[in-house]
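In what follows, a structure is listed as structure tokens, so that the remarks can point back to it.
The numbers here are math on the coordinates, done by the rules we state, and not lab data. Computed from a prediction, not measured in an experiment: that's the story for all the values here. All Cβ positions, glycine included, derive from the backbone under ideal geometry; neighbour counts span all protein chains shown.
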Amino acid sequence: MDADLAQKVFGIFQNEFACSRSRLFKLVEGTSKDDNNRAVYRGIHDLDGNGRDEAHHLVKLVDNAFRRRGSTLLLQSVQTFDFHRRLSASEYRSPVAPSTISSKSACGHSNSDGSKGRL
Amino acid sequence: MSGLDQCDEPGILLVLAKPTSSQHLSDFHNWYDTEHGPARLKLGKGYFSNGYRYKSRNEDSIWLAVYEMDRLSAGADPAYTTLRENRSLREQDMFEHKLSVVSRQFLQLQAMKGCSAKPSVRICIVNFCVESDAAQDVGTWYSKVSTRTSNA
């Protein structure tokens, strides 16, 4: 029953975000903020690009509606992330002891925020 | 909630992490991109098929890693758990002094709409939980909301 409901809620977000791909996941194992025997879900939406922040407006509307229904369905949070990089097995380097690591020697180059620092 | 080792369905491992200081950011990236992440992808077929990193737009210094898995039960396999039990000195240093893990979750895929050949430049994660007691009531409410939004 809860899975069916989650699918419906997922549909609301999927339609409104106008994304290229939407995936709904259910927590199987791991840390969670909810310990009240609720089923925990994550909807992950691939946005097409910039300018989708208005989706947060809809999220607020839905959140308010959820709250009016009581605690049956609880919207915990909405988080937005920018792509950073794809991980690759071929980039594996044998670990070295921390005493031999320095941010300068290990990275050689870093951007102002430290991202994509390895040449 | 079923056990991870019993779940042979596809899913993802989702990890949110935060360097304890901006001074550790460069070390964090270097460690993650050349040791931690690649070590998981090196496990090969049946474990982690892809791994992507993202930066939060909502909170400073929160970094997300998403690993796609053909079967979630691989998260309970010794080949993977051994990686976590036998950390390198550098990895121990990261976890003990330079990094806090905000959350780490194995999530089973329930539904997918659309397709994506390459990683999206931006993703939005909606976190919610459901109580089954009044599901029908909320379902009725959903039908009204759905009608209204689709007509907007």
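Taking each residue in B:50-56, count the Cβ atoms of any other chain within 10 Å of its Cβ, then average. What number comes out?
6
Mind checking B:11-17 for the average number of partner chain beta-carbons within 10 Å of each residue's beta-carbon?
3
Measuring from label point to label point, each 7 Å out along Cα→Cβ, what is the B:Asn86 to B:Cys115 span in nm?
The two pseudo-label positions are separated by 4.0 nm.
What does the average come to when, for each residue of peptide B:42-49, you count the partner chain Cβ atoms lying within 10 Å of its Cβ?
Counting other chains' Cβ atoms within 10 Å and averaging over B:42-49 gives 1.
What percentages make up the Cα-Cα pair-distance distribution of the range B:1-88 when the bins are 5 Å wide from 0?
Calculated P(r), rounded to whole percents: 3, 13, 22, 24, 18, 12, 7, 2, 0.
Quick one: of A:Lys26/B:Lys45; B:Lys45/B:Lys98; A:Lys8/B:Lys42, which pairs are farther than 28 Å apart, Cα to Cα?
B:Lys45/B:Lys98; A:Lys8/B:Lys42, as the Cα separations exceed 28 Å there.
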